[in-house]
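Okay, structure first, notes after.
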Amino acid sequence: MIYNSFNFITIFPLIFLLYYAIPAKHLKARNMFLLISSYLLYMQWNPSYALVLLGVTAVTYYAAIYLEKAKNPKVILTSGVVLSVLPLLFFKYFNFINESIHGLLSICGMHYQLAGINWAIPIGISFFTFQALSYLFDVHYKTIKAEHDFLIYALYVSFFPSILSGPINKASLVMPQLKNLRKHFDYPKAVEGLKMILWGMFMKVVVADRVTLYVDLVFQYPNVYSGATCLMASFLYTIQIYADFGGYSLMAIGVGKTLGFELTENFHRPYFSYSVTNFWRRWHISLSTWLKDYIYIPLGGSRCSKARNYWNIFVTFLVSGIWHGANWTFIIWGVMHGILQIIEKATGQNKCEYGSFGKGVKIIITFILVNFAWIFFRCPTLGDACGILSRIFDFSLYNKLYLSNAPNSILIVMSVIILLLKDLRDEFFPDRIPLMNNNRKIVRWCTYIMLIFTILLTGAFNADQFIYANF
């Protein structure tokens, strides 16, 4: 379900009411209702996608059961992982691998041709595949026991608030909540969830989708615009992807809370990070945790030689780049983050803050480094990314800054300032100037109403979906 859509406004209240209409003591009926709802919502895009989701679910479910009693668990684990990853490789990476082989052999003077695939990628396939694999790995490492109730496990993999763009939840967090009796209605948790949905919607439609109108125009025709404009577009894309993905995550967690569930925190004000290492403790936390637990630590983590540790970091973020998309730009983006963290660790900058002033300087430097890496993430080809960078670093092109039309420019500036002030307060003054959590009811409700009217009056509702839904 796309949260910034009319479907969400109409369908979710219905799901909410029907869910709580089922008595809390009928836990299996509630879970069955959520499972059916999750699959029906997922099938809105293409009913055949549900077969891929069901296939990955079934493979990891049975593989985990066999793992517990297998004499050779590595064979079961390898088979389960391969079968689970095959749909992801086929749908998402077939054309990329095919084109890369074709290009390499062409350079060598060899002829190679294999037809590409024009099928659409099942939405959210990277997220539900990684979530299913995390469960399988946890069973293998004996941190959890295999789940024998297929209904519980299938709901864990397909739970609709997080299936499209995460967070990637661990089975140890979600499945106990699915198996235990839940209150008929947890009012404080539901209120907290609604606040998260409201602020997440503001981040998405007022900030991200408004900024998108500027960013897409400049990135599509960079040669038309000055270096200053390209630099401005790169900064705004850095804001856009945070507001877009952070907004989605907040709404997903908020929807979970209204139904009585706690999901994994996914963002913690990442642009106040004082190093790239610290950035990955605040950005897409569920993915960075997955990479740490199932790639970095199994490779040896930091309990090895320095050279091996640096290699482990490099491989982990190479995998992160590949996970994000079948394109060399994503691979370069992942490698850049890996190399930057290796440099920080080698020089000790991954931990040093240097006091308040020094930390402020490091936050700015980290933001700039992350911003330039995002250029590769945003551009469809390496040539496009280099074209943007060449204009940014051509200072003779800084004679003019394109600011879009006046109303849109004002809305962009205002929305970004509001987002920045909110994050500044939460980061440095969490107990000051409370608005949505104010003890005075009139202050809280005035804030709610202002946010709702701002979303309705200034939100850009022309975006199809969230950026990370494509991954």
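The values are calculated or read from the model by the stated rules, or taken from the named source; none is laboratory data. All values derive from a computational prediction rather than experimental measurement. Ideal geometry is used to build each Cβ from the backbone, glycine not excepted, and the neighbour counts take in all protein chains shown. All accessible areas refer to the heavy atoms of the entire protein, side chains included, with ligands and DNA or RNA removed. Shrake-Rupley method; radii C 1.70, N 1.55, O 1.52, S 1.80 Å.
Taking the charge dipole of the chain about its Cα centre, with +1 at Lys and Arg Cβ atoms and -1 at Asp and Glu Cβ atoms, the residue from SER275, LEU53, PHE330 reaching farthest to the positive side is SER275. When nucleic acids and ligands are ignored and a 1.4 Å probe is applied, PHE395 ends up with an accessible area of around 140 Å². Of the trypsin sites (Lys or Arg not before Pro) in the range 390-450, the ones in a loop by DSSP (not H, G, I, E or B) with at most 11 other beta carbons within 10 Å are LYS400, ARG432, ARG440. Per-peptide packing, taken as the mean over residues of other Cβ atoms within 10 Å, places 123-132, 355-364, 294-303 in the sequence 123-132, 294-303, 355-364 from highest down. Overall, the range 285-376 carries a charge dipole of about 260 debye about its Cα centre when +1 sits on the Cβ of Lys and Arg and -1 on the Cβ of Asp and Glu, all other atoms neutral.
Look at where the Cα atoms of the range 197-253 and of the range 327-378 average out, and the two centres are 20 Å apart.
Take the alpha carbon gyration tensor of the range 219-377, find the square roots of its eigenvalues, order them as a ≥ b ≥ c, and report rounded if a/c is under 1.5; if not, report prolate when a/b exceeds b/c, else oblate. Note, shape of the range 219-377 comes out rounded. Judged by the ratio a/c of the largest to the smallest principal axis of the C-alpha gyration tensor, the range 295-398 counts as oblate, that ratio being 1.5 or greater while a/b is no larger than b/c.
Once the chain from TYR448 to LYS179 is taken as fully extended at 0.36 nm per residue, the excess over their C-alpha distance is 93.4 nm. Helix content alone sets the calculated 222 nm mean residue ellipticity of the chain: runs of n ≥ 4 DSSP H residues at -39500 (n - 2.57) each, divided across all residues, give -21000 deg cm²/dmol. Of the peptides 230-237, 83-90, the order by per-residue mean of other Cβ atoms within 10 Å, starting with the highest, comes out as 230-237, 83-90. Summarising the label geometry, the points placed 7 Å from Cα in the beta-carbon direction at LYS25 and LEU401 lie 6.6 nm from one another. Label separation (SER390 vs ASP293): 4.5 nm, computed from points 7 Å beyond Cα along the C-beta direction.
What does the C-alpha gyration tensor say about the overall shape of the range 147-225? Classify as rounded when a/c is under 1.5, otherwise prolate if a/b is larger than b/c, or oblate. Because a/c hits 1.5 or more and a/b fails to exceed b/c, the range 147-225 counts as oblate. The Cα trace of the range 12-68 gives Rg and Dmax of 14.4, 41 Å, the first to one decimal, the second as a whole number.
Placing a label point 7 Å from the Cα of LYS74 along the Cα-to-Cβ direction, the residues of the range 257-301 with a backbone N closer than 17 Å are 298-300.
Each peptide in 252-259, 281-288, 144-151 gets a packing score, the mean of other Cβ atoms within 10 Å over its residues, and the list from highest to lowest is 252-259, 281-288, 144-151. A cut-off under 13 angstrom between Cβ atoms defines the neighbours of ALA132, and their net charge, with Lys, Arg +1 and Asp, Glu -1, is -1. What the Cα atoms of the chain give is an Rg and a Dmax of 23.1, 74 Å. Here the accessible area of the chain is 68 percent carbon and sulfur, with a 1.4 angstrom probe and all protein chains present.
Around TYR225, with a cut-off of 10 angstrom between Cβ atoms, what is the net charge of the other residues, counting Lys and Arg +1 and Asp and Glu -1? Taking every Cβ under 10 Å from that of TYR225, the sum is +2.
For THR381 and LEU456, the difference between the fully extended length at 0.36 nm per residue and the C-alpha to C-alpha distance is 23.4 nm. Remark: the MET32-ILE339 segment gains 105.9 nm on full extension, using 0.36 nm per residue and subtracting the alpha carbon distance. Computed from point charges on the beta carbon alone (+1 for Lys and Arg, -1 for Asp and Glu), the dipole magnitude for the chain about its Cα centre is near 1260 Debye. Rounded to the nearest Hz, the phi-derived 3J(HN,Hα) couplings of the range 257-265 under the Karplus curve 6.51 cos²θ - 1.76 cosθ + 1.60 (θ = phi - 60°) are 5, 4, 9, x, 10, 9, 10, 5, 5, where x marks glycine and proline. Each label point is 7 Å from the Cα along the Cα-to-Cβ direction; what then is the distance between the points at ILE97 and CYS352, in nm? It works out to 4.4 nm between the two label points.
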